[in-house]
Amino acid sequence: FELLGFEYTGNTPFCLGNCLNKERTKNILRSFKIRTPKSFTFHRNTGINLKKFDLKFPVILKLLNEDASIGISEYSVVNNPDDLKKQLDFLSGTYKQDIIAEEYIDGRELNVAILGTTVLPVSEIDFTGLPENLPKIVTYDGKWIAESTYYTFTKPKCPADLDKKLKKKITTIALEAFYALSCRDYARVDIRLDKSGRPYVIEVNPNPDISEDSGFARAAAAKGISYPDLLNTIANFAINRKKNDSKSQAV
């Protein structure tokens, strides 16, 4: 689009590329002193070698270059080296991709939708009712398989119950992550709180679902923004950029 001179909504290829690679995302966040779980990347071309693995269990395993919770299941959180090796072998053999492991933050999970420079009401994933033997995470089934246990017992709540101090802390770190990854127009920052209430950025999604029944639209509605107004706002970001570009060229 840029090469053709077309303006478009959403984030740039530069931003999308950085956010799609979870290791790169974390390195950028760390360079801005933004807290994110400690991680370790397993590269397929070098084989799975646990000798240098230095994370504390439990850890969660994710595909390095996927979104939409692809590859995330009840087996993604592992508690010992044997389970780690088993899940690594499964992911590597099934998806043929690099894998990132990160120390699992066992606490509340918050989703922060950002529209332009406005932080919309924070959402929280409610894990109430999820069987005790299952890790409290958002899995692929939880997002997409309606008849699954995870889909039934991982419900978003918006706005989340946050005290004023914590809400400010979450809002601040979400905006810091948004700008650190050079996001624009709209994005979602996913955050986990540890047992002490410290926030960790676990994901920056520069291309979140904005369909009418999406979490982003739900957060906008909680702010009093109707769905048509949400789409108009996003479209106007691109329209205004085009107008500004035209003015610059005219000068």
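The values are calculated or read from the model by the stated rules, or taken from the named source; none is laboratory data. The model shown is predicted, which means the values in this text are computed figures rather than measured ones. Here Cβ is always computed from backbone atoms with ideal geometry, including for glycine, and neighbour counts include all displayed protein chains.
Points worth noting:
- Members of segment 181-191 found to be touching a strand residue (DSSP E or B) at 6+ places or on another chain (Cβ under 8 Å) and small (G, A, S), listed by number: A187
- Residue ranges of helices (runs of 4 or more DSSP H) in segment 71-164 with at least 2 members in contact with a Leu (Cβ under 6 Å, 6 or more places away or on another chain) and not small (G, A, S): 81-95
- Filter pass, I99 being surrounded by 16 or more Cβ atoms within 10 Å (Cβ to Cβ) and touching a helix residue (DSSP H, G or I) at 6+ places or on another chain (Cβ under 8 Å): yes
- Residues in segment 120-145 that are within 24 Å of A220 (Cα to Cα) and of a type in the set (G, A, S): S123, G142.
- Checked against the criterion of being within 30 Å of K242 (Cβ to Cβ) and either surrounded by fewer than 14 Cβ atoms within 10 Å (Cβ to Cβ) or among the hydrophobic types (A, V, I, L, M, F, W, C) (or both), the candidates L16, L84, L29, L63 yield just one match: L16.
- Failed item in (1) buried (at least 17 other Cβ atoms within 10 Å of the Cβ); (2) under 30 Å from G224 (Cα atoms); (3) among the aliphatic types (A, V, I, L, M), with A68 passing the rest: (1)
The rows are residues; the columns are (1) under 24 Å from W144 (Cα atoms); (2) among the charged types (D, E, K, R); (3) at pLDDT below 95.
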residue	(1), (2), (3)
L3	no, no, yes
F6	no, no, yes
N21	yes, no, no
N27	no, no, no
R30	no, yes, no
I48	no, no, yes
L61	yes, no, no
L64	yes, no, no
G71	yes, no, no
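- Here segment 192-222 is the region considered, the condition is being in contact with a strand residue (DSSP E or B) (Cβ under 7 Å, 6 or more places away or on another chain) and closer than 18 Å to E66 by Cα, and the residue that is surrounded by the most Cβ atoms within 10 Å (Cβ to Cβ) is V204.
- Verdict on F216 being part of a helix (DSSP H, G or I) and in contact with a Gly (Cβ under 8 Å, 6 or more places away or on another chain): no
- Pairs where the first residue, in segment 209-224, is free of Cβ contacts under 8 Å to residues at least 24 places away in the same chain and the second is buried (at least 17 other Cβ atoms within 10 Å of the Cβ), C-beta under 8 Å, 6+ apart: D209/G215; D209/F216; S211/A217; S214/P208; A217/I210; A217/L230
- Of the residues R241, R184, the single one that is part of a loop (DSSP other than H, G, I, E, B) and more than 23 Å from D126 (Cα to Cα) is R184.
- Residue in segment 144-156 that is within 21 Å of R24 (Cβ to Cβ) and modelled with pLDDT of 95 or more present: no
- Members of segment 1-43 found to be in contact (Cβ under 8 Å) with a residue 24 or more places away in the chain, over 14 Å from the mean Cα position of the chain (by Cα), under 14 Å from P206 (Cα atoms) and assigned to a helix (DSSP H, G or I), listed by number: F14
- Qualifying residue in segment 114-121 (condition: touching a Lys or Arg at 6+ places or on another chain (Cβ under 6 Å), touching a residue at least 12 places away in the same chain (Cβ under 8 Å), within 22 Å of N205 (Cβ to Cβ) and crowded, with 21+ Cβ neighbours inside 10 Å): yes
Yes/no per residue for (1) farther than 23 Å from P208 by Cα; (2) in contact (Cβ under 8 Å) with a residue 24 or more places away in the chain; (3) basic (K, R):
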{"residue": "V59", "(1), (2), (3)": "yes, yes, no"}
{"residue": "D82", "(1), (2), (3)": "yes, no, no"}
{"residue": "L91", "(1), (2), (3)": "yes, yes, no"}
{"residue": "I99", "(1), (2), (3)": "no, yes, no"}
